[in-house]
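Novice: Pasting a structure here, questions to come.
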Amino acid sequence: MALSPITAPPAQAFDLPLTVAADQLSGYERTLFNHWIDADKDRCDTRKEVLIQEAVVAPKLSSGCVINGGKWISPYDGLATTDYSTLDIDHLVPLAEAWRSGAWRWSPAQREAFANDLTDPRALVAVTASLNRQKSDQDPSTWLPPENKCSYVSNWIAIKVRYSLTVDSAEASALTSLIASCNITSITAFSIPAYAITAGINPITIVAPTPSPASIPAEQTSTPAPTAKPKVVKAVKYSTCAKARAAGVTPIVRSKNKTLYALNKALDRNKDGVACE
């Protein structure tokens, strides 16, 4: 899995590796995306794995992966709940939208992997059920959550890049506007080469917001030095804490690096959100 950073300094344009293309409007059936599966055979299917991973107060698990207790906060509206039955697991990029924007070309195994992706915490999100159903299969040109809109937009782009999914013209226009209004100048996506589309690439160009003159100190009005290329740190699954320490990534804190934590949550023995402390 390649770590593919997409960054740009303020007031400059940058390309997103997203293909602008018309949607594939026929052929979708939800059953084409097999979910929820129990990939690691621990009796917790993907839905329950997301609930366990995103709980702000960890639930207790009894035989057969029955969830008892716990607390969750839906990122789409900030509502807290101790009743997980009020939550849906949202595919951030809905299955129907994925189909329209490229998944119609995928194999059944690729669609199953997309529908049950636990390796990028942005792909599946526990949210208030009514909002998930309100969203349905809409993209950001027609629906945004009431809260955390900018994070939603950034995550939407990251998942589209991850799976080499296309964007239609209305979606591309909305993303361009939203990135500017949200002042998003850096997006990190964990791309999967097996899904890459090799033909018809037409990247959309995003223009980051231009800082107002008042926000630029006088001594910086001259041409700035070139921005250094950001260091890329690859998220790796470690077999032991010793190896993680040797790599200099410990402690692995869920709230600071969700992707690294998700890969290494088996090293979090007491399930407190910190591995290899």
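Novice: Under 7 Å between Cβ atoms, at least 6 apart or on separate chains: pull out the pairs that start in segment 236-250 with a residue that is closer than 10 Å to C276 by Cβ and end on any residue that is hydroxyl-bearing (S, T, Y) and surrounded by 12 or more Cβ atoms within 10 Å (Cβ to Cβ).
Specialist: That search, which allows pairs on different chains as well, returns C241/T250; A244/Y238; A244/T250.
Novice: Kindly indicate the residue of segment 35-94 that is in a loop (DSSP other than H, G, I, E, B) and among the polar types (S, T, N, Q) and also nearest to A113 (Cα to Cα) among those meeting that condition.
Specialist: Restricting to residues being in a loop (DSSP other than H, G, I, E, B) and among the polar types (S, T, N, Q), the top hit is S74.
Novice: Is it the case, given these coordinates, that T221 is modelled with pLDDT under 55 and among the β-branched types (V, I, T)?
Specialist: Judged against the criteria, T221 is a match.
Novice: For G78, work out the one condition from (1) closer than 30 Å to A194 by Cβ; (2) at pLDDT 95 or above it doesn't fulfil.
Specialist: Only one criterion is unmet by G78, namely (1).
Novice: Something else now. Looking at (1) part of a helix (DSSP H, G or I); (2) surrounded by 14 or more Cβ atoms within 10 Å (Cβ to Cβ); (3) without any contact (Cβ under 8 Å) to a residue 12 or more places away in the chain, can you tell me which one D117 breaks?
Specialist: Of the numbered conditions (1) part of a helix (DSSP H, G or I); (2) surrounded by 14 or more Cβ atoms within 10 Å (Cβ to Cβ); (3) without any contact (Cβ under 8 Å) to a residue 12 or more places away in the chain, the odd one out for D117 is (1).
Novice: Could you list all residues from segment 22-34 that are outside any helix (DSSP H, G or I) and either in contact with a helix residue (DSSP H, G or I) (Cβ under 7 Å, 6 or more places away or on another chain) or among the small types (G, A, S) (or both)?
Specialist: Listed by number, the residues that qualify are A22, D23, Q24, L25, S26, G27, Y28, F33, N34.
Novice: Collect the residues in segment 95-113 that are assigned to a loop (DSSP other than H, G, I, E, B) and surrounded by 19 or more Cβ atoms within 10 Å (Cβ to Cβ), keeping them in residue-number order.
Specialist: S101, G102, W106
Novice: Which of (1) at pLDDT below 90; (2) under 25 Å from A113 (Cβ atoms) is the odd one out, the single condition F14 does not satisfy?
Specialist: Unmet for F14, out of (1) at pLDDT below 90; (2) under 25 Å from A113 (Cβ atoms): (2).
The values are calculated or read from the model by the stated rules, or taken from the named source; none is laboratory data. As the structure is a computational prediction, the values presented were derived from the model and not from experiment. Positions of Cβ are generated from backbone atoms using ideal geometry, with glycine treated the same way; all protein chains shown enter the neighbour counts.
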